[in-house]
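Taking it in order: structure first as structure tokens, then the write-up.
Each reported figure results from applying straightforward, stated rules to the coordinates on display, with no laboratory input. The structure displayed is predicted, hence computed values, not measured ones. Backbone-built Cβ (ideal geometry, glycine too); neighbour counts: all protein chains shown.
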Amino acid sequence: MARRFDPEDPELMDRPQPVSAALVQDLANLRGLNRWFGAWRILERVLGGACRGGGALRIADLCAGSGDLPRLLVEWGRRSGTAVQVEAVEGHPATWEIGRDFCQDRPEISFVQADVRSWEPAERPDWVVCSLALHHFTEADATALLAKMWRVARRGVLVADLERSWWATAGIYGASLFYREPMTVEDMRRSALAAYSWGELQAMTAAAGWVGGRQERFWYGRQAAWALR
């Protein structure tokens, strides 16, 4: 199935808007989806050991949303005595404000408002992570972002997103029926159609210069690629 994406017609959450009850609820729904539909499992698979390995670890989380994944990484570090510091980068002003407030009780998380396409870290992180965001970009921008992740990371990179396929799209459409919020329903369906296929993600990571990486499928309808420097 062909990718359906129009940068001139973005998802509802990406459109200019103030902080609103609708956006707050949408981000809360996304936190639930991340927890129960794969994002946590992917982080555990790739970064769980590093976050519990002791010492210090610096992570940049690009397109951080409301900051649920940075909070999870920091919590793993706290429980194991690992000093995990996360730079959470979010470009949408209202989403950034919601995320900053959601993470204000975690001083290990620094919320930065910046477009990830022009962002550069003040200090090179050990790991650079981008979860459930690649489908918001054109193929050229997505590949450039993957290349930047590889360039700035000291130890490793991880990108996780939906996988575009007929069965995953059908499942995501079905799951959207359990939500009442129009923003969540509309954006879930748009995301399924805008996601990159397995082969497209594989080609983009190669074009971005990732070397010796892995790519795996995760339940439900998610895929991830990661590589060590």
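If you average the alpha carbon positions of segment 1-57 and of segment 64-103, how far apart do those two centres end up, in angstrom?
Rounded to whole Å, the Cα centres lie 11 Å apart.
Would you work out which of W226, A147, A114 lies farthest towards the positive end of the dipole of segment 12-228, given +1 charges on the beta-carbon of Lys and Arg and -1 on that of Asp and Glu, about the Cα centre?
Checking the options against the dipole of segment 12-228, the answer is W226.
Which percent of Cα-Cα pairs in the chain sits in each 10 Å bin, short to long?
Percent of pairs per bin, in order: 8, 35, 40, 16, 1.
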